[in-house]
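Read the structure below first, then the notes.
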Amino acid sequence: MKPKILIVDDEPDIGKALTFLLKKEDYAATPVTSGEDALEKLKEESFDIVLTDLKMGKVDGMAVLEKVKEMSPETAVIMMTAFASVESAIEAMKKGAVDYIVKPFLNEGIRLTIKKVLEQKTIVKENLALKQQISQHMGCKEFIANSEAMLKIVETLEKVIPTKSNILILGESGVGKGLIAEVIHCNSPRRDKPFISINCSAIPEGLLESELFGYKRGAFTGAAADKLGLIPLAHQGTFFLDEIGDMPVNLQAKLLKILETGEVYPLGDTKPRLVDVRLISATNADIENKVKEGKFREDLYWRLNVIEIKIPPLRERKDDIEILARHFIRKFADEHKKNIVGFDKQAFSSLLEYSWPGNIRELSNVIERAVVLTESASITLDDLPDKLKRAGHEKENSSTLKGYLNDFEKNLLSKMYAAHNKNKDETARALGIDLATLYRKFKKYGIEAE
């Protein structure tokens, strides 16, 4: 497809000359004679480059630049200006223009500038595509990341996926621990065998044992028939134990024995069942601290933690926010049959400034809500929840002493809440405040209380 270039100049002869020149270079050139016409054209179609004069009527080149950056951040803007206003063109570059051309200009200068800008756009696209190949490279599961931290995790995964080693995935709720487990399984030699998962915190202790190990008929009241446990069902495949930190200590001993012997004893049975499973476990708890407190067996911890993968929270990998947000826009726009292309500047800034205590799960929720509510082609600040609007406002005031103190308090609350496994009573006691005060502060800073 030919590169598309929009030419904006209130002198029709210059527009015609540039159109003729660019079409000779095999570009798709479209001339307009005012900033107003340019903005209307940008609403109708997308362009690779906008080549705009600086000095025009009511809507000048600077206004066109600002609108292009808001409506289509991927579009490059080149400013055309007379020699006397070169300083203004340089100011425009600070605001997002990629280059400027001084009038009167030579045809060769125009060609070289356009060629250079298009080459730069191609390099950027290739780099982005290279980073996005993570999802393709990880095959059967959609895995999207752009940050250095996640790229390093992918490098680790590439080394451990072909092995049988047990893996422990650490990270806050919502960072994608379950997705990583599925990525490991579906790219491993066990991909054609079962992938079975269970959340240890979601099942009562009395039921968890029978779910994991199975039982014989008559093992307890209501056991009317034999039941195969989830671990035997995962034979030759992968078993994912989510929230392993919440597993009762008595079951930890039985799990350890399975890992040591490869044998499962269903409840009420004296004969073991041989199993071959790769165990992937995950937790958002401080499991080393649980070991110190005697709430988690140290010998089991070392069995599980042959390979440790720690996923950083979303607030620590800002580079992933844009690529994930745009992915969710495409996904939910398709689902809800809406034509939405991106964010305006304020909305995008708020996404970056917000702390995302719910991580990727929360981001997905926020974007779906915005897609449903918005009535425009771009998500605006008004389409976002109040907590994100507050994040942007707090950022504006963070240079004051009060702002610094608020930032410190919010960070302390979030860390203490996570350190106490999101137990509000324990968090309040540790901070030396009552529960009502904790709730007020959570509400003030937009911290999601579970």
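The values are calculated or read from the model by the stated rules, or taken from the named source; none is laboratory data. Everything numeric in this text was worked out from a predicted model, so none of it was measured. Reconstructed Cβ throughout: ideal geometry from the backbone, glycine too, with neighbour counts over all protein chains shown.
The residues of segment 329-371 that are in contact (Cβ under 8 Å) with a residue 12 or more places away in the chain and in a loop (DSSP other than H, G, I, E, B), listed by number, are 336, 338, 339, 340, 341, 344, 354, 355, 356, 357, 358. Counting only residues that are among the acidic types (Asp, Glu) and modelled with pLDDT of 75 or more, segment 403-417 holds 1 of them.
Apart from one condition, residue 270 fits all of (1) among the hydroxyl-bearing types (Ser, Thr, Tyr); (2) over 26 Å from residue 185 (Cα atoms); (3) in a helix (DSSP H, G or I); the exception is (3).
Restricting attention to segment 409-426, and to residues there that are touching a residue at least 60 places away in the same chain (Cβ under 8 Å) and of a type in the set (A, V, I, L, M), which single residue is surrounded by the fewest Cβ atoms within 10 Å (Cβ to Cβ)? Among them, the one singled out is 419.
Among the residues of this structure, residue 26 counts as one that is in the same structural domain as residue 117 (by TED's automatic domain parsing), free of Cβ contacts under 8 Å to residues at least 60 places away in the same chain and at positive phi.
Candidates 302, 356: the one that is loosely packed, with under 15 Cβ neighbours inside 10 Å and either touching a Lys or Arg at 6+ places or on another chain (Cβ under 8 Å) or modelled with pLDDT of 90 or more (or both) is 302. Take the conditions out of contact with any Phe, Trp or Tyr (no Cβ under 9 Å at 6 or more places or on another chain) and in contact (Cβ under 8 Å) with a residue 24 or more places away in the chain and apply them to residue 183. Does it pass? For residue 183, the condition - out of contact with any Phe, Trp or Tyr (no Cβ under 9 Å at 6 or more places or on another chain) and in contact (Cβ under 8 Å) with a residue 24 or more places away in the chain - is not met.
On the stretch given as segment 282-326, residues that are closer than 13 Å to residue 167 by Cβ and not in a helix (DSSP H, G or I) total 9.
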